[in-house]
Amino acid sequence: TCQGGVWRTTNFGATIEPIFDEENGASCGAVAVAPSNPDHIWVGTGEPAQRQSNALGYGVFKSTDGGRSWQHMGLEATEQISDVVIDPRDPETVYVTALGHLWGRNPERGVFKTSDGGRTWAKVLYVDDMSGAVDLEMDPRDPDVLYASTWQGMRSGGAEAREAGPGSRIYKTVDAGAHWSRLTAGLPDEPLSKITLGISQQRPDLIYALVMSGEGGTPPPGSNAPEDFAGRVSRRTSVAGGMFRSEDGGATWQR
């Protein structure tokens, strides 16, 4: 949970207990269980959002005994981890997406990969020091094929924030993160905001992207910004975003 650690149930939710209370990170943004060994659990700390109320994290943690004990495996400077994806063939191969610092520039953001269970990390996808990775999807047919989305944004005090920019993009790798290509055909040209991805488990060439565009927050007094569904005035006036669909593995997209 975004402010309350990690919880576990062994009886379909009838009871649930905290298993992360002793660790240095109450705010948790991601949890993943290794498909090849369910005793291997990874937790990425830090709520992956752009709100001034965020609680920051302290990197990534690993358990090899089903959550009874934990090891801190680094990446503490990322502050906000949004996703953890484990290679189904090998529980030691793990990808982590990090948004980075909420209140300033830093290079510890993007997609990180370990092939040795977290002893060492490589930053395999990086845009710039204001753009972090926010979502990662793995092809169920081929774990070497992954799709990542990045999000450019930074808070600058109070309610002010930049939530969109040219660093918000979609990428694809076909060689387990060694090389990435940016996907653009059919996607908006203007600066985008948060992008959430989904891949079909039955038809992995079918990809969805929920794309936000424009800036959020409160517009200046007297502006003609439209109201949202709850009657609140918003300055997110761009209509370039929406739901996009690709049927060819991200080569082309339709809104």
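General observations
- Heavy-atom accessible surface of W103, to the nearest 10 Å², is about 120 Å², with a 1.4 Å probe and all protein chains retained.
- Dipole size of the chain about its Cα centre, with +1 on Lys/Arg Cβ and -1 on Asp/Glu Cβ: approximately 540 debye, rounded to the nearest 20.
- For the stretch 102-164, the alpha-carbon radius of gyration amounts to 1.34 times the rule-of-thumb value 2.2 N^0.38 Å expected for a compact globular protein.
- Amide H contacts of S168 (H built 1.01 Å from N, in plane; Pro and chain starts excluded): Q152, L192 sit under 5 Å, all sequence-distant by 5 or more or on other chains.
- Packing-based order for 13-19, 182-188, using average beta carbon neighbours within 10 Å, highest first: 182-188, 13-19
- Local charge for K123 was computed over the other residues whose Cβ lies under 9 Å away, with Lys and Arg +1 and Asp and Glu -1, and equals +1.
- Heavy-atom accessible area, probed at 1.4 angstrom with all protein chains present, ranks V239, V6, V33 as V239, V33, V6, highest first.
- With all protein chains kept in place, the per residue accessible area of the chain amounts to 47 square angstrom at a probe of 1.4 angstrom.
- 3J(HN,Hα) from dihedral phi, the stretch 188-202, Karplus parametrisation 6.51/-1.76/1.60, rounded to Hz, x for glycine, proline: x, 7, 6, x, 10, 10, 5, 10, 10, 10, x, 10, 6, 6, 8
- Carbon + sulfur, % of accessible area of the stretch 85-209 - ligands and nucleic acids excluded, 1.4 Å: 49 percent
- In sequence order, calculated HN-Hα J values of the stretch 88-93 (Karplus, 6.51, -1.76, 1.60; Hz; x Gly/Pro): x, 8, 8, x, 7, 9
- Remark: the L206-S238 segment gains 8.9 nm on full extension, using 0.36 nm per residue and subtracting the alpha carbon distance.
- Histogram of C-alpha separations across the chain, 5 Å bin width, %: 1, 6, 13, 17, 18, 16, 13, 9, 5, 2, 0, 0
- Solvent-accessible area of Y58, all protein chains in place: 90 Å² (probe radius 1.4 Å, heavy atoms, ligands and nucleic acids excluded).
- Within straight-line cross-link reach of K62, lysines at Cα separation under 18 Å, skipping those fewer than 8 residues along the same chain: K113
- Taking 0.36 nm per residue of separation and subtracting the current Cα-Cα distance, fully stretching the chain between S115 and D90 would add 8.1 nm.
- Per-residue 3J(HN,Hα) values for the stretch 203-211, derived from phi via the Karplus relation 6.51 cos²θ - 1.76 cosθ + 1.60 with θ = phi - 60°, read 10, x, 6, 8, 10, 10, 9, 8, 10 Hz in sequence order (x marks Gly and Pro).
The values are calculated or read from the model by the stated rules, or taken from the named source; none is laboratory data. Keep in mind that this is a model prediction, so the values were computed, not measured. Every residue, glycine among them, receives a Cβ derived from its backbone with ideal geometry; neighbour counts consider all protein chains shown. When the accessible area is computed, the model is the full protein with side chains, heavy atoms only, and any ligands, DNA or RNA have been set aside. Shrake-Rupley method; radii C 1.70, N 1.55, O 1.52, S 1.80 Å.
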